[in-house]
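The values are calculated or read from the model by the stated rules, or taken from the named source; none is laboratory data. Predicted model, so just to flag it, every value in this text is computed and none were measured. Ideal geometry is used to build each Cβ from the backbone, glycine not excepted, and the neighbour counts take in all protein chains shown.
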Amino acid sequence: MATSKKKQKDAPGPSIKDPEMYEALREDGASKEKAARISNAAAATSRKEVGERGGAASDFEDRTVEQLRRRAAELDIEGRSSMSKEELIEALRNH
């Protein structure tokens, strides 16, 4: 009985539309929010379309510190005003 409770606790919530993709993304190190966003987008369309949409953004390394801080502000990353460019890039990638 304890095993079934553990599985229920670890299972994604009902708002996750593609639990299989969500779990794969989490295992790859994606945050809960990012995994949910990607898996739900994939469930709303085809997985192929979701993959094709990516890649339009420029590399973080090509952006200025101010551009990175603006993006961090959009994502409510705390401490962004005192972060170096490298720290901002890491925070954005791990969000």
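Please determine whether any residue of the stretch 39-60 is of a type in the set (Lys, Arg) and either modelled with pLDDT of 70 or more or touching a strand residue (DSSP E or B) at 6+ places or on another chain (Cβ under 6 Å) (or both).
Checked against the condition, which is being of a type in the set (Lys, Arg) and either modelled with pLDDT of 70 or more or touching a strand residue (DSSP E or B) at 6+ places or on another chain (Cβ under 6 Å) (or both), the stretch 39-60 yields no hits at all.
How many residues does the stretch 76-95 contain that are surrounded by 13 or more Cβ atoms within 10 Å (Cβ to Cβ) and either without any contact (Cβ under 8 Å) to a residue 24 or more places away in the chain or more than 21 Å from Ile38 (Cα to Cα) (or both)?
Final tally of qualifying residues: 8.
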